[in-house]
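Read the structure below first, then the notes.
The values are calculated or read from the model by the stated rules, or taken from the named source; none is laboratory data. Note that the structure is a prediction, hence the values are computed from the model and not measured. Cβ placement follows ideal geometry from the backbone for every residue including glycine, while neighbour counts extend to all protein chains displayed.
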Amino acid sequence: MLRALHILTGNLSFLCAAIVVCGPLTAEEWGVPAVQGALQTALEKAQAGDVLRLAPGSHRGPINLDKTLELHGAGNAEIRAIGSGSVITVTAQNVVVSGLTLTGSGLSHETLDAGVKLTKTAHNAVVRNNRILNNLTGVDVHGARNAIVSNNLIEGRQDLRMNERGNGIYVWNAPDLLAEFNTIRYGRDGVFVNTSHKDTFRNNRFEELRFAIHYMHGNSGVIEDNVSMGNDIGYALMFSDRLTVRNNVSIGDRHHGLMLNYANRAVIAGNQVFAGGEKCLFMYNANKNTVMDNRFEGCPIGVHFTAGSAKNTFEGNAFIRNRTQVKYVGSRVLDWSTDGRGNFWSDHAAFDMNGDGLADTAYRPNDMVDQVLWTQPSAKLLIGSPAVQLLRWTQSQFPALLPGGIVDNAPLMNPPVHNEPNAGVQG
């Protein structure tokens, strides 16, 4: 009996020891001083799941994160590379890079040298609260799924010409990426998407770039609540399908606020473009899109709509004080109203006798003279001649003489209400 009890007690002791040894281990925290070689030593000794807290000061890069680690700098630590490759290259999953200043990448466009490079195995990575400064590319998300790039300040190389710089965030084949609350300046494009689907870009701020967001061959993405200021083009959407583009702001972009080029079946809603240098919205061979409840104000051309675009719906938009509200060169008549609701036109002098909020007369932004001037620019010399004035008067009296073009059969008497631009995006 006693012998059996001793055997049972011994087995229980062995079982308890096995549980302690084989059970889940808690993550270890490493304090990494800002001295030569300390960061590399900590990376070699750390195990998957560990947390590295970098002391204030400069740490030597570049580094490679091939284990599931967290790097935190609390805003006072810098990782400075030596001018070649990427500052941080991530190959493990579930890595966190937070609170660091990252600088000193190389300048190779072939290898896309970056402040942070997320490779095709770096799924679920989080890059947040960093200052990513003076690198070729800010963050290269290159095949990593479900990554988060949040609340970073990304500034490119101001000593390079714009076309020599890299992009703030470069995205290739990285589905379900979330990029939010970033401030991006001085790169080539703020965000460049190349063949990636179901990504979300929201609440970002873009300044002094070529394109704020450049979307190429990406389907079912969401672009919302972003601010673009002083870039060549705000939002360039190309060769993409089923995008949702809503509640974005473009202020003073030098060419176009929004551009759709072979972008189809998109919802363009609630956006605001102010004082674009050329066109608030340019649509080229863009089909089956819904353009509704946007505000286009103070551009030389409100919408330049090319004849190759078809089956698009325009409703509830406000066209305010654009020199030319719509430029459309085509023979088709296109009705820009849907289910009895059209758009607001600031230059439409009309009455609303029954008080239903709709003008009593249709609105046509263009006439035969406009089409002649667009196809024969030298005819501008005759714009003030009696013959041209007589032609315009005749068209107003005999609408059957009007050429094909845009007509709004249910223009609104008042512009839809939009929220004030969200210029306070954090970065």
**Request:** Filter region 217-237 down to residues that are in contact with a Phe, Trp or Tyr (Cβ under 6 Å, 6 or more places away or on another chain) and assigned to a strand (DSSP E or B) and give me whichever is farthest from ASN163 (Cα to Cα).
**Result:** ILE223
**Request:** Report, by residue number, each residue of region 238-252 that is surrounded by fewer than 24 Cβ atoms within 10 Å (Cβ to Cβ) and assigned to a strand (DSSP E or B).
**Result:** MET238, ASP241, THR244, ARG246, ILE251
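To keep it simple, each residue is scored yes or no on (1) at pLDDT below 95; (2) of a type in the set (Lys, Arg); (3) closer than 21 Å to MET413 by Cα.
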| site | (1), (2), (3) |
| --- | --- |
| ARG254 | no, yes, no |
| LEU260 | no, no, no |
| GLY308 | yes, no, no |
| ALA318 | no, no, yes |
**Request:** Look at region 226-237 and say how many of its residues are surrounded by fewer than 24 Cβ atoms within 10 Å (Cβ to Cβ) and either under 17 Å from ASN289 (Cβ atoms) or more than 12 Å from the chain's Cα centre (by Cα) (or both).
**Result:** 3
**Request:** Filter region 354-386 down to residues that are part of a loop (DSSP other than H, G, I, E, B), modelled with pLDDT of 90 or more and among the aliphatic types (A, V, I, L, M), then give me how many there are.
**Result:** 1
**Among the candidates TRP345, TRP393, residue that is farther than 30 Å from SER150 by Cβ and either at pLDDT 55 or above or β-branched (Val, Ile, Thr) (or both)** = TRP345
**Asked** So, of the residues in region 296-344 that are of a type in the set (S, T, N, Q), more than 28 Å from the chain's Cα centre (by Cα) and part of a loop (DSSP other than H, G, I, E, B), which turns out to be surrounded by the most Cβ atoms within 10 Å (Cβ to Cβ)?
**Response** SER337
**Asked** Being in a strand (DSSP E or B) and surrounded by fewer than 18 Cβ atoms within 10 Å (Cβ to Cβ), is that true of even one residue in region 180-191?
**Response** no
**Asked** Going through region 120-147 one residue at a time, which ones are hydroxyl-bearing (Ser, Thr, Tyr) and either surrounded by fewer than 20 Cβ atoms within 10 Å (Cβ to Cβ) or out of contact with any Ser or Thr (no Cβ under 8 Å at 6 or more places or on another chain) (or both)?
**Response** THR121
**Asked** Name the pairs whose Cβ atoms lie under 6 Å apart, with the first residue in region 164-179 and under 16 Å from MET216 (Cβ atoms), the second of a type in the set (D, E, K, R) and in a loop (DSSP other than H, G, I, E, B), and 6 or more positions between them or separate chains?
**Response** ASN167/ARG188; PRO175/ARG145; PRO175/LYS198; LEU177/ASP199
**Request:** Return the only residue of GLY61, GLY104, GLY75, GLY57 being touching a residue at least 40 places away in the same chain (Cβ under 8 Å) and surrounded by fewer than 18 Cβ atoms within 10 Å (Cβ to Cβ).
**Result:** GLY75
**Request:** Scan ASN135, ASN167 and give me the residue that is assigned to a loop (DSSP other than H, G, I, E, B) and farther than 20 Å from SER98 by Cβ.
**Result:** ASN167
**Item:** In region 262-281, residue surrounded by the most Cβ atoms within 10 Å (Cβ to Cβ) [restricted to those that are farther than 17 Å from PHE314 by Cα and either under 15 Å from the mean Cα position of the chain (by Cα) or not small (Gly, Ala, Ser) (or both)]
**Value:** PHE274
